[in-house]
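Encoded as structure tokens, the structure appears first; notes follow it.
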Amino acid sequence: MGKHQLFREVPPMSLILKILRGFGYKTINDKVCVCKKYFVKMNIVEHVNSFVTDLRKYYLPCKAKTYLTFINNNSVMTILRQILRPHNYIIVSREKYINREKLINYYIVNKNIINFDTPQNVNDTNENNTNENNTNENPNTKNESINNENIITTNIIEK
């Protein structure tokens, strides 16, 4: 048995990067947010389905049967979470309401640098350190700028 409960062997980073490109990521450290609303436009399910045979090599047979047989928008996010976890990356989700519509934005974050104390845990530690040194800065201004950035990246992915 492998080092992980789901896998015989941990999936290689090269396979993960191929799958991430379908989500609009160029590298694993991109600060791009992804929204389930646009999965149909981006053909995410079809993209992940093209890698099912490669993923089966790494999943345990009983887990492959459970997670890789019928793939939909929800299972795509589950698979992505699972293949990132052994490499110390997690997916952070944030709910937003835009025009009375609930959107869930997903970000990939390295577990080693995540800061659970701040509400904006998608920033890397360098940004947190520079903002903490500025005591005169209004914390609401920081949140507004991050929220505007999220909307912009969502719109870029939509195109």
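Between ILE98, ILE146, the distinction of being modelled with pLDDT of 60 or more and either under 18 Å from CYS33 (Cβ atoms) or touching a Cys at 6+ places or on another chain (Cβ under 7 Å) (or both) belongs to ILE98 only. Scanning the range 42-62 for residues that are assigned to a loop (DSSP other than H, G, I, E, B) and either more than 19 Å from the chain's Cα centre (by Cα) or under 11 Å from ILE19 (Cβ atoms) (or both) yields SER50, PHE51, LYS57, TYR58, LEU60.
Would you pick out the residues in the range 81-113 that are touching a Leu at 6+ places or on another chain (Cβ under 8 Å) and within 13 Å of PRO11 (Cβ to Cβ)? Once the filter is applied, which keeps residues that are touching a Leu at 6+ places or on another chain (Cβ under 8 Å) and within 13 Å of PRO11 (Cβ to Cβ), the range 81-113 yields GLN82, ILE83.
All conditions in (1) under 14 Å from PRO11 (Cβ atoms); (2) loosely packed, with under 13 Cβ neighbours inside 10 Å; (3) not aromatic (Phe, Trp, Tyr) hold for VAL40, with the sole exception of (1).
What is the residue count in the range 63-103 for residues that are farther than 21 Å from ARG21 by Cβ and either in contact (Cβ under 8 Å) with a residue 60 or more places away in the chain or not in a helix (DSSP H, G or I) (or both)? Count: 12.
A quick yes/no check of all residues on (1) touching a strand residue (DSSP E or B) at 6+ places or on another chain (Cβ under 7 Å); (2) among the β-branched types (Val, Ile, Thr); (3) surrounded by fewer than 17 Cβ atoms within 10 Å (Cβ to Cβ); (4) touching a residue at least 24 places away in the same chain (Cβ under 8 Å):
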residue: LYS36; (1), (2), (3), (4): yes, no, yes, yes
residue: GLU46; (1), (2), (3), (4): no, no, yes, no
residue: TYR58; (1), (2), (3), (4): yes, no, no, yes
residue: PRO61; (1), (2), (3), (4): no, no, yes, no
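The values are calculated or read from the model by the stated rules, or taken from the named source; none is laboratory data. Source: prediction; values computed, not measured. Don't worry about glycine lacking a Cβ; one is built from the backbone with ideal geometry, like all the others, and counts go over all protein chains shown.
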